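In what follows, a structure is listed as structure tokens, so that the remarks can point back to it.
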Amino acid sequence: GAVVSQHPSWVICKSGTSVKIECRSLDFQATTMFWYRQFPKQSLMLMATSNEGSKATYEQGVEKDKFLINHASLTLSTLTVTSAHPEDSSFYICSASDSGTVGEKLFFGSGTQLSVL
Amino acid sequence: GENVEQHPSTLSVQEGDSAVIKCTYSDSASNYFPWYKQELGKGPQLIIDIRSNVGEKKDQRIAVTLNKTAKHFSLHITETQPEDSAVYFCAANNYGQNFVFGPGTRLSVLP
């Protein structure tokens, strides 16, 4: 299957700092990328949908000024958690859709565990 | 909008036995149904998927069946092994729409 690379895999930061997470599709072009947040033992919670060259679409309740998303190219999307606080600590996962000839398939990155002290 | 339910939430089986996880969806327009396996601390991995024009698909020890009339689809794992222990998520999608995920099933394969 298609490969989605996500970095870093874990990050620890001080409260008030910003953290950037990168998501790359390695062997396909992803016109759409998605960002999820996952709490322990829970399902995937969609935060935003990122389309290359346009503004991201945020789900209800997700602060767009706190979670900045940039999808500058067909293979790269970034999520920046601005002025992080302990309540932002979570597992963040990106995914990208591979619009092959038979329709979309969704592939996930390996996730980023964010811990805000 | 689409709603996906998944049962059971936890499942324990003896090594070598079969495991079955079932999902139901609400939107009859959904036409693509993937299954993902998520190991601790990792992102979900696509393990098998099925489209609405197919009733069953098999890949070695795993298979997925789809009943469009009843709007449910199931994951079947045969000859389970300890490395099958993980959380499994089903999802439903209509091309161009967002994927909707089930709440997940924690599978434990006991040696």
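Here are some notes:
- In this structure the amide hydrogen of B:Glu15, modeled in the peptide plane, comes within under 5 Å of the amide hydrogens of B:Leu110, none closer than 5 places in sequence on its chain.
- Only Cα pairs under 8 Å and 6+ residues apart enter the sum, and on that basis the relative contact order of chain B stands at 37 percent.
- Stokes-Einstein D (µm²/s) once Rh is taken as the Kirkwood radius of segment A:21-94 over alpha-carbon pairs, at 20 °C in 1.002 mPa s: 170
- Cα coordinate range in the protein assembly as shown, projected on the principal axes (Å, largest first): 49, 40, 31
- Segment B:1-56: C-alpha gyration tensor shape, a/c 1.5 cut-off, then a/b vs b/c: prolate
- With all pairs of separate Cα atoms included, segment B:2-98 yields a Kirkwood hydrodynamic radius of 13.8 Å.
- For chain A, A:Cys13 have no disulfide-compatible partner, since no other Cys C-beta lies under 4.7 Å from theirs.
- Converting phi to 3J(HN,Hα) with the Karplus coefficients 6.51, -1.76 and 1.60 and the offset θ = phi - 60°, segment A:106-112 yields 10, 10, 10, x, 7, x, 10 Hz in sequence order, with x at every glycine or proline.
- Net charge of neighbours whose Cβ lies under 11 Å from the Cβ of B:Val100, counting Lys and Arg as +1 and Asp and Glu as -1: -3
- Net charge dipole size for the protein assembly as shown [Lys, Arg +1 and Asp, Glu -1 on Cβ; Debye, nearest 20]: 200
- Counting only lysines at least 8 places from B:Lys42 when in the same chain, those with an alpha carbon closer than 16 Å to its own are A:Lys41.
- J(HN,Hα) series, segment B:73-87, from Karplus relation 6.51 cos²θ - 1.76 cosθ + 1.60, nearest Hz, glycine and proline x: 9, 9, 9, 10, 10, 9, 6, 4, 10, x, 6, 7, 5, 4, 9
- Size of electric dipole in segment A:28-117: Cβ of Lys, Arg +1 and of Asp, Glu -1, about Cα centre, debye, nearest 20: 100
- Net charge over other residues, Cβ less than 15 angstrom from the Cβ of B:Leu40 (K, R count +1; D, E count -1): +1
- For segment A:4-25 versus segment B:63-87, the inter-centroid distance based on Cα atoms is 33 Å.
- Residues whose placed amide H lies under 5 Å from that of B:Asn31, excluding near-sequence neighbours: B:Asn93, B:Asn94, B:Tyr95
- Using a Förster distance of 30 Å, the FRET efficiency for B:Thr78-A:Ser89 (Cβ separation, nearest 0.05): 0.15
Bear in mind these aren't lab numbers, they're just calculated from the coordinates by the rules spelled out. Every value quoted in this text rests on a predicted model; they were computed, and no experiment measured them. Glycine gets a Cβ as well: all are built from the backbone with ideal geometry, and neighbour counts include every protein chain shown.
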